[in-house]
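The values are calculated or read from the model by the stated rules, or taken from the named source; none is laboratory data. All values derive from a computational prediction rather than experimental measurement. Positions of Cβ are generated from backbone atoms using ideal geometry, with glycine treated the same way; all protein chains shown enter the neighbour counts. Just the protein is used for accessible areas: all its heavy atoms, side chains included, with ligands, DNA and RNA removed. Shrake-Rupley method; radii C 1.70, N 1.55, O 1.52, S 1.80 Å.
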Amino acid sequence: MMHLRILVVDDYTVWRQHIRSILEPWPELDVIGEASNGLEALQKAEQLSPDLILLDIGLPKLNGIAVEYRLCETVPAAKVIFVTQNDDLDVVEAVFRNRTQGYVLKSDARRELVPAIQTVLRGDRFLSSGVKFDSVLA
């Protein structure tokens, strides 16, 4: 796996620390910044130019879906993986219609986040095993 610059976006500090702890054993996965709301995420993405953005949906100030849409303009090369507790199938389908490459449920993150990153880096899409709807990636 190549060296990857990652921006972690979630409104809960403890969850951002948890993400860091999951990625810590992988030195090539470098968390270069964090944001706690949607507007800060856009600012940090523009400043830091991350390769990958781990993005929650339920963010204050601007939700994650709106952030992802705007990221197309600010950092078009960055890949996006949603890391969220939202398992609503309409939401999952909607984000995959945009540019989302991965969707990981927070309940599955400990075991699925790194494989999701690896899958997305290969150019494939990743859907958390906790989402019970296989045709989303079709």
Across the chain, qualifying lysine pairs (alpha carbons under 19 Å, at least 8 places apart or different chains) come out at 4
The longest stretch of the chain containing none of the chymotrypsin sites (Phe, Trp or Tyr not before Pro) that sit in a DSSP loop with at most 14 other Cβ atoms within 10 Å is 13-132
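Find the percent of Cα-Cα distances in the chain that exceed 27 Å, and round it to a whole number.
So the pairs more than 27 Å apart make up 9 percent of the total in the chain.
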Subtracting the Cα-Cα distance of Asn98 and Leu39 from 0.36 nm times their residue separation yields 19.3 nm
Carbon and sulfur atoms account, in whole percent of the 1.4 Å probe accessible area of the chain, for 49
Rounded to whole Å², per residue accessible area for the chain with a 1.4 Å probe reads 49
